[in-house]
Amino acid sequence: GNIVAIVGRPNVGKSTLFNRLTQTRHAIVSDEAGTTRDRQYGKSEWTGCEFSVIDTGGWVVNSDDIFEEEIRKQVTLATEEADVVLFLVDVRNGVTDLDEAVANILRRTKKPVILVANKADTNEWIYSAAEFYALGLGDPYCISAATGSGTGELLDQIVSKFPKTIDDETDENIPRFAVVGRPNVGKSSLINAFIGEERNIVTDIAGTTRDSIYTRYTKFGFDFYLVDTAGIRRKNKVTEDLEYYSVMRSIRAIENSDVCILMLDAERGIEAQDLNIFQLIQRNNKSLVVVVNKWDLVEEKNTVVMNEYEYAIRNRMAPFDDFPIIFASALTKQRIFKVLETAKEVYQNRKKRVPTSKLNEEMLPLIEAYPPPSIKGKYIKIKYCMQLPDTQIPSFVFYANLPQYVKEPYRRFLENKIRERWDFSGTPINIFMRQK
Ligand code: GDP
């Protein structure tokens, strides 16, 4: 998937444009401090082309007195991580000093930049847009994010700027692992522990070109791709302190993986940044292994302490809590093998198919014993179920007379019962209700 970043000074309409582009299909808006709100990261689609949109302003809390330095960092990170940068300016304000500061950075990037003049609600504003030529970024694109005018042409323009995708001939049967986590949690150390410092173990397979974000390894008897390790090696001390740094840095790797190895720091526990990445993994329907790294630094390493950690982690990540947690040390290489082994198991769970006969045999008696609650005197009957073939994640469909009356708690009940019977550890699953 391609990544589009929206940059610009505060109040030019970044979040309005973001909403317009993503149509906020995922309506789970959370006001909890430090969580990835939908205002920041969303999915979009135009003429069959899917991409992610990031509103870099969504992270700025006190957006009215944002410092030039902060904007500079935001824009730098956006140019490093995005495929296309949308530089939003406000036609009603004209060119400001901050606009110029942003343009200075953007003129130096090789990434495609689209200059977008927002708030051009009526035609006369389009004439005012001419002064933005002075920014040296080509023709300004006039739009109104509020009314939607011009956004169709803008979307055409965005899609046309995406880099030509190289055909990644990755083998479908080999898992793609992404190692993710906030800065200094030990990602590079873990990867080095996996593959050693030697680079020559990279197998020479057609398709794993230098441009590819996949690198194939055969280590300890495991065959796997590591996704975008370059992004981890390419550290940036200037922007590392930004709240959304780890999100920006993880997006591409997460989107292109099957299983994410999310690293936490044993000494620090779960923090907002960790939850941001976790949510990104969930939003992309990826499978998960949690690694509590730097376990060597924990003085008392017994099962009681481990259980406390486990409980705290699952609690913070609820409601999804069916994933493995491994206590490891990238430094001493303790349980490094276990991490790979578990990631592989989780991948197999992701690919698991439950035979229809087995599924019905187990689930129908249960449903009979605990049927969905009747609504308005109407009884809901589930007659049959099956796992859908060829889906991204395991997806189960239950056929009912009144599928629309089966609510979320009951779907969760079905999901839990499936998880109790078959091992889907680490993998999200879908439960659909359909008309019989
Ligand atoms: P990254 O930013 O996530 O890639 O983190 P690094 O792999 O660069 O590690 C950051 C720091 O933590 C380095 O000084 C590592 O030596 C240290 N580190 C990484 N893993 C461990 C571990 O398991 N135990 C200890 N004690 N230190 C570690």
Among the listed pairs Lys43/Lys351; Lys351/Lys407; Lys378/Lys407, which have their C-alpha atoms separated by more than 21 angstrom in this model?
Lys43/Lys351; Lys351/Lys407
Cα extents of the chain per principal axis, largest first, Å, are 70, 63, 44
Defining a contact as two alpha carbons under 8 Å apart and six or more residues distant in sequence, what relative contact order in percent does region 334-402 show?
28
Which of the lysines could a cross-linker span from Lys219 if the Cα-Cα distance has to be under 20 Å and same-chain partners fewer than 8 positions apart are dropped?
Lys187, Lys333, Lys338, Lys344
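How big is the dipole moment of region 315-436 about its Cα centre under a simple scheme where the beta carbon of each Lys and Arg is +1, that of each Asp and Glu is -1, and everything else is neutral? Debye, nearest 20, please.
Working: 22 positive and 12 negative charges, 50 e Å.
Using only the charged Cβ atoms, the result is roughly 240 debye.
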Under a crude label model (7 Å from the Cα following the beta-carbon direction), how far is Phe162 from Glu240 in nanometres?
3.3
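Lysine pairs in region 108-164 8 or more apart or on different chains: how many have alpha carbons under 22 angstrom apart? Intermediate results must be reported in sequence, preceding the final value.
Working: Lys110/Lys161; Lys110/Lys164; Lys111/Lys161; Lys111/Lys164.
Lysine pairs meeting both conditions in region 108-164 amount to 4.
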Pop the C-beta distance of Leu297 and Glu80 into the FRET formula with R0 = 22 Å and round what comes out to the nearest 0.05.
0.10
Taking the DSSP beta bridges in the chain as the whole, what percent of them are antiparallel, to the nearest 5?
35
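Which net charge results when you count Lys and Arg as +1 and Asp and Glu as -1 among the other residues whose beta-carbon is under 15 Å from that of Ile375? Each step should come with its number before you reach the end.
Working: positive: Lys376, Lys378, Lys381, Lys407, Arg411; negative: Glu408.
Net local charge, Ile375 excluded: +4.
Do you know the relative contact order of the chain, to the nearest whole percent, from alpha carbon pairs under 8 angstrom that are 6+ apart?
Values: 763 pairs, mean separation 50.5, N = 436.
Relative contact order for the chain comes out at 12 percent.
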Less than 18 Å apart at the alpha-carbon level, and either on another chain or at least 8 residues along: which aspartates and glutamates does that give for Lys381?
Glu361, Glu362, Glu368, Glu408, Glu415
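Read the figures in this text as sums done on the coordinates, not as results from a lab. Computed from a predicted structure; not experimentally measured. Note that we place each Cβ from the backbone using ideal geometry, even for glycine, and neighbour counts take in every protein chain shown.
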